[in-house]
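Heads up: the structure comes next, in structure tokens.
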Amino acid sequence: MSRRPRGRDERSLGASVALHATLLTATAIALFPVLWVFLASIKPQNAIQSSKVTLIDHPTLENYRHVLFDTSFPTWFLNSVVVAVFTMVIGMAMSATAGYALSRFNFPGKRGLMWVFLITQMFPVAILIVPIYSIMASLNLIDTKASLVIAYCTVAVPFCTWMLRGYFDTIPRDLDEAAALDGLGPFKTFWYVILPLARPGLAVTAFYTFLTAWGEVAYAIAFILSDKKLTLGAGLQQFVPQFNPQWDLLTAGAVLIMLPASLVFYFAQRHLVAGLTAGGTKG
Amino acid sequence: MSTPVVFDAATRVYPGSTTPAVDSLDLEVRAGEFLVLVGPSGCGKSTSLRMLAGLEDVTSGAIRIGERDVTHLRPKDRDIAMVFQSYALYPHLTVGENMGFALKIAGLSKAEITARVTDAAKVLDLEPYLDRKPKALSGGQRQRVAMGRAIVREPQVFLMDEPLSNLDAKLRVSTRTQIAALQRRLGITTVYVTHDQVEAMTMGDRVAVLKDGILQQVAAPLELYDKPANAFVAGFIGSPAMNLGTFRVEDGAAVIGEARVPLPRTATAALTESEVVLGFRPEALEMVAGYAPDAFAVEVLVAEELGSEAFLYGTLEGASLRDPQLVAKVAPRSVPPKGSRVHFRILPDRMHVFSPATGEALPTA
Ligand SMILES: Nc1ncnc2c1ncn2[C@@H]1O[C@H](COP(=O)(O)OP(=O)(O)OP(=O)(O)O)[C@@H](O)[C@H]1O
Ligand SMILES: [Mg+2]
């Protein structure tokens, strides 16, 4: 009996089953905690902590109503959105311009600057909190959103600058030169030629800067004093007092926190396309 | 209305290098002229062009476009358009937007831009592709878009850096003639860089030959072919290349194997050494039957019969050339067989004599 030779995109049945089983298992393991939190968030309060393990138990939206209307959650949420969006916009503006300068221009201190950007990323937050706190204090920024935006930018900008510089380096310099001959100065070249071609890099930067601010707890607890000004990460801590964690509020809050981050990711990933510079130059 | 371009002792030394990439280049491109810069790889052609474009600093000397000294002007203020070897099309813009981009930046009206882009697209057969992105084009089409981007600008000077080197041989030949015809019609001063001497000879009004950053000769193609200023130009221009060799001089004649080839008296008078560099093109050789005092023997290694012409490749007996083989053009359809021994003499008025010390041509008349 002669068998048809297998095409390059085909697999044997066994291989296919094994592959899919592995992938499904891995996906399930990765998704399980998220799913568990979601399922818990739609259980009544007493069912969450019962020793009986159930997947679904009298599903209800009561926890969401509670967290949205009876707590400061909406205020914190708004604070977080403001802080994260400002961090994203300012962080991207700074790292894109710095990355472009590092990629395209030679200036004194360039190497030094790159080292500084690299080394600052190596300090753990725990060490930085105290010095940054005293800087914020001397600037009278304690208990303001600005303090958080600035602090998050110090985390995000060095990394994003390195990343964007790497991305800009992949855009052929011929294009800059063509733009120069077409009448563009460095700023217009950056705006009309480099940025549109760096969309994937910018998307990753946007997502990264947003996340840096969105889920952060340590700086937020240290710099923000009044309850009304807390961001989500810090605010949710209040649902977990030492002896009486309020799992109903915590799980519902956690699910709500995921939504904006997912939204930002959704918009970012649409720009993660390969080959944007294809066809412009050859060789 | 076209504009001349002048390189005035323009020099470029790259940072970190001691020898100039372009060394004191004195060159005048006449108004409306198609000037080709040609030379072997690394001789400084691109650097010269980029200095004119403003993409490379001029270390010393000056560059003028028309009356303006542009030496220190930014590229955008020089009113030049360039076709890059890589084409450098904007990948995120359509063909039409690519071509109209400079006009948009210059603030022309939409209607004006559309009119000019459509005109250029018509000339270059690009109309069906105006809405495509560059990545959906073939290499030849991209090349034409790059040309189109330059011509819609109606600049004072066109610069082209090996614009045909990414095309296949056949397309290269047809595009070559198209570019030359287009340039003649537009009458815009053009500097064209190539390493291909056939392109240089067929396209240029005049050709400038560079070597190691130094200008060797500027002349019309035929003059370059007939009166090379030195041995380098002689060997570089022409295909198959000129035969060049260094020979001993005895009593006013060069010794080639057993032959004594009389040298022009003007040349021997200018010669200070007891050797001479002789150059003779393949078609400057005449086959002789039997013995002649100025005929040398060649052993045929390969015979190339092309129908309308034929070339013999062989080794010179008792003497050696710069290239291992001598090339001779012979009458087609009666080519001596491989391995045979034939005699050639150099047509006296077709001989080039160069100084062995400097390589400069010595007067032959
Ligand atoms: N950015 C640079 N830095 C240092 N040296 C350079 C630089 N660019 C070119 N050179 C040197 O300058 C010389 C001339 O280079 P250029 O690019 O002008 O050559 P070319 O004639 O265009 O050669 P090709 O035909 O290979 O393109 C070469 O020796 C090259 O190594
Ligand atoms: Mg070059």
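The values are calculated or read from the model by the stated rules, or taken from the named source; none is laboratory data. As the structure is a prediction and not an experimental result, all values here were calculated from the model. Reconstructed Cβ throughout: ideal geometry from the backbone, glycine too, with neighbour counts over all protein chains shown. Note: accessible area is taken over every heavy atom of the protein model, side chains too, but ligands, DNA and RNA are not part of it. Shrake-Rupley method; radii C 1.70, N 1.55, O 1.52, S 1.80 Å.
I'd like the FRET efficiency for B:THR19 and B:SER320, computed as 1/(1 + (r/R0)^6) with the beta carbon distance as r and R0 of 25 Å, rounded to 0.05.
Rounded to the nearest 0.05, the efficiency is 0.20.
Using θ = phi - 60° and the Karplus curve 6.51 cos²θ - 1.76 cosθ + 1.60, what whole-Hz ³J(HN,Hα) does each residue of region B:296-311 get, with Gly and Pro shown as x?
Values, residue by residue: 10, 8, 10, 9, 6, 9, 9, 10, 9, 9, 9, x, 8, 8, 8, 10 Hz.
Calculated from DSSP H runs of 4 or more alone, at -39500 (n - 2.57) each and per residue, what is the 222 nm mean residue ellipticity of chain B, nearest 500?
Mean residue ellipticity at 222 nm (helix-derived): -7000 deg cm²/dmol.
Give, as ranges by residue number, the residues of region A:130-172 whose backbone N falls under 11 Å from the point 7 Å along Cα→Cβ of A:ALA93.
none
To the nearest 500 deg cm²/dmol, what mean residue ellipticity at 222 nm is calculated for chain A from DSSP H runs of n ≥ 4 alone, each contributing -39,500 (n - 2.57), summed and divided by the residues?
Helix-only estimate at 222 nm: -21500 deg cm²/dmol.
Counting other Cβ atoms within 10 Å, which chymotrypsin sites (Phe, Trp or Tyr not before Pro) in region B:273-365 have at most 12 and lie in a DSSP loop?
Answer by residue number: B:TYR291.
Using a 10 Å cut-off on Cβ to Cβ distances, tally the other chain neighbours for every residue of A:194-207 and report the average as a whole number.
Mean partner shielding for this stretch: 1.
Which log10 I(q)/I(0) values does region A:148-279 give at q = 0.13, 0.20 Å⁻¹ under the Debye formula, counting every alpha carbon as one identical point scatterer?
-0.71, -1.16
Do any residues of region B:150-164 lose at least 30 Å² of accessible area when the full set of protein chains is present rather than just their chain alone, and if so which, with a 1.4 Å probe?
Residues losing area: B:ARG153.
Per residue, how much accessible area does region A:1-95 show when a 1.4 Å probe rolls over the protein heavy atoms, in square angstrom?
For region A:1-95, the solvent-accessible area averages 72 Å² per residue.
Between A:THR120 and A:VAL240, take the C-beta separation as r, use R0 = 51 Å, and let me know the FRET efficiency to the nearest 0.05.
Approximately 0.95, to the nearest 0.05.
Please give, to one decimal in nm, the separation of the simple spin-label points placed at A:ILE142 and A:GLN45, each 7 Å out from Cα toward the Cβ.
3.5
Tell me the chymotrypsin sites (Phe, Trp or Tyr not before Pro) within region A:53-120 that lie in a loop according to DSSP and have at most 14 other beta-carbon atoms within 10 Å.
A:PHE105
For B:ILE256, which sequence-distant residues (separation of 5 or more, or a different chain) have an amide H within less than 5 Å of its own amide H, given hydrogens modelled in the peptide plane?
Correct list: B:VAL261.
With Cβ to Cβ distances under 12 Å as the rule, what net charge do the other residues near A:TYR192 carry (K, R +1; D, E -1)?
Residues near A:TYR192 contribute -1 overall.
For the protein assembly as shown, give the share of DSSP beta bridges that are antiparallel, in percent and rounded to the nearest 5; count only bridges with both residues there.
Looking only at bridges with both residues in the protein assembly as shown, the antiparallel portion is about 75 percent.
Name the longest site-free stretch of chain B, where the excluded sites are trypsin sites (Lys or Arg not before Pro) in a DSSP loop with no more than 15 other beta-carbon atoms within 10 Å.
Free of exposed loop sites, the longest segment is B:31-321.
Would you work out what percent of the accessible area of chain A, with all protein chains in place, is carbon or sulfur (probe 1.4 Å)?
70
Can you work out the FRET efficiency for the pair B:ALA220 and A:GLN269, with r the C-beta to C-beta distance and R0 = 56 Å, to the nearest 0.05?
0.40
Looking at chain B, what % of its DSSP beta bridges pair antiparallel, to the nearest 5?
Taking every DSSP beta bridge with both residues in chain B, the antiparallel ones total about 75 percent.
Could you give me the radius of gyration and the Dmax of the protein assembly as shown, taking only the C-alpha atoms into account and expressing both in angstrom?
Over the protein assembly as shown's Cα set, Rg and Dmax evaluate to 36.9, 121 Å.
Roughly speaking, what is the stretch gain from A:SER226 to A:LYS188, that is 0.36 nm per residue apart minus the C-alpha to C-alpha distance, in nm to one decimal?
Length gained between A:SER226 and A:LYS188: 9.3 nm.
So how strong a dipole does region A:72-269 carry about its Cα centre when Lys and Arg Cβ are +1 and Asp and Glu Cβ are -1, to the nearest 20 debye?
Approximately 240 debye in magnitude.
Per residue of region A:100-113, what does 6.51 cos²θ - 1.76 cosθ + 1.60 with θ = phi - 60° give for ³J(HN,Hα)? Whole Hz please, x for Gly and Pro, Karplus curve as stated.
5, 4, 5, 6, 10, 10, 9, 8, x, x, 4, 4, x, 4
Count the DSSP beta bridges whose two residues both fall in region B:113-249, then state the antiparallel fraction as a percent rounded to the nearest 5.
50
So how many Å³ per residue does the convex hull of the Cα atoms of chain B work out to?
Per residue, the Cα convex hull of chain B comes to 166 Å³.
Cα centroid distance between region A:148-219 and region B:179-255, in Å?
Using only Cα atoms to place each centre, the spacing works out to 48 Å.
Please sort by residue number the GluC sites (Glu not before Pro) in region B:1-97 whose DSSP state is loop and whose Cβ has at most 15 other Cβ atoms within 10 Å.
B:GLU67
Given the C-alpha centroids of region B:114-159 and region B:59-104, what is the distance between them in whole angstrom?
So the separation of the two Cα centres works out to 15 Å.
In the Gaussian network model of chain B, springs joining C-alpha atoms below 10 Å, which of B:PRO293, B:PRO282, B:PRO240 carries the largest mean-square fluctuation?
B:PRO293
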